[in-house]
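Asks: First the structure, which I've put down as structure tokens, then a few questions once you've had a look.
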Amino acid sequence: MLVVDTPSGDGMETECRRKGFYYLASSYNNRAGRLNDGVNATTTDWLIFHHPRSLLPKGAIETILNFKEPCWGGFTHSFDRNHPLLAFTSWWSNHIRGNLRSIYYLDHCLFSHRSLLTDHPPFGSKDIFEDTEFCLKLRKKMKGKRIKKFAVITSSIRFQKNGLYQQALLNQYLKARYFLSADSQEMNIDYEENLNLNQDYRSK
């Protein structure tokens, strides 16, 4: 287990050492940079990119390690809260965006065989939608695989803090801006407003 972190004095390194995790200090302030640093710092054949607010069920990692051929993809998505809108969001993520388009967000907990990560940097350099950049590169090589047997449980904190429908509308608005090639930092500032879960712009 490798934790890639932008040092902030929050005790992350000490906690990682205590738990026996490898710790890598990154100079990047965005998640794309940290994910790319993680790829470069490891040598294993298989990589699983764990979302910081998602839980992988027992046995999920072993499933990836037992694959005989190189592949990439994500686990089945679910939320930690029951609500029709959240259930629909997960269904769309799994069956439409995932199965049909091979676009999986990081909260699916992405995985890939190292041999497929030939386009550098694999997660690009944008402040947001780095997971989409990753999938767009890999789906040119082969269709992404969704692991149906295991569902990750993802925090719905953004929906809880911002409101279910407000967050859903914001997500769609940001996707439209992404495909129109809007500035990624401006998009992420809007995404992180009042939350600062992935990146803190308050000091800028």
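Asks: Under a Cβ-Cβ cut-off of 13 Å, what is the net charge of the residues other than Thr76 that fall near it, where Lys and Arg count +1 and Asp and Glu count -1? Present the calculation step by step, with values, prior to reporting the outcome.
Replies: Details: positive: Arg97, Lys145, Arg146, Lys148, Lys149; negative: Asp107.
Once positives and negatives cancel, what remains is +4.
Asks: Would you mind checking region 59-76 for residues with the amide N under 17 Å from a putative spin-label position 7 Å along Cα→C-beta of Asp45?
Replies: 61-73
Asks: Still on this model: Out of Tyr165, Met187, Pro84, whose Cα points farthest toward the positive end of the dipole of region 2-192 (charges: +1 Lys, Arg; -1 Asp, Glu; placed on Cβ)?
Replies: Of the listed residues, the answer is Pro84.
Asks: Kindly work out what percent of the DSSP beta bridges joining two residues of the chain are antiparallel, to the nearest 5. Kindly include the intermediate steps, with their values, before the conclusion.
Replies: Numbers: 9 of 20 bridges.
Roughly 45 percent of the beta bridges in the chain run antiparallel, per DSSP.
Asks: Is it possible to state the helix-based mean residue ellipticity at 222 nm for the chain, with each DSSP H run of 4+ residues giving -39500 (n - 2.57), the sum divided by total residues, to the nearest 500 deg cm²/dmol? What is it?
Replies: Value at 222 nm, helices only: -10000 deg cm²/dmol.
Asks: Share of Cα-Cα pairs in region 2-192 beyond 26 Å, in percent? The partial results should precede the final answer.
Replies: On the way: 5756 of 18145 pairs.
Pairs farther apart than 26 Å: 32 percent.
Asks: Compare Lys58, Lys141, Lys175 in a GNM of the chain, Cα atoms joined below 10 Å, and give the one with the largest fluctuation.
Replies: Lys58
Asks: At a 10 Å Cβ-Cβ cut-off, how would you order Ile64, Ile128, fewest neighbours first?
Replies: Ile64, Ile128
Asks: For Ser184, what charge total do you get from the other residues with a beta carbon under 10 Å from its beta carbon, if Lys and Arg give +1 and Asp and Glu give -1?
Replies: Details: positive: Lys126, Arg177; negative: Asp127, Glu130, Glu133, Asp183, Glu186.
Spelling it out: positives minus negatives among the neighbours equals -3.
Asks: Rounded, prolate or oblate: which fits region 82-204, taking a ≥ b ≥ c as square roots of the Cα gyration tensor eigenvalues, rounded meaning a/c under 1.5, else prolate when a/b beats b/c? Can you show the working numbers first?
Replies: On the way: a/c = 1.85, a/b = 1.18, b/c = 1.57.
Here region 82-204 falls in the oblate category.
Bear in mind that the values in this text are calculations on the coordinates, not laboratory data. Here the structure is a predicted model, which means the values were calculated and not measured. Quick reminder, even Gly has a Cβ in these numbers, built from the backbone with ideal geometry, and neighbours come from all protein chains shown.
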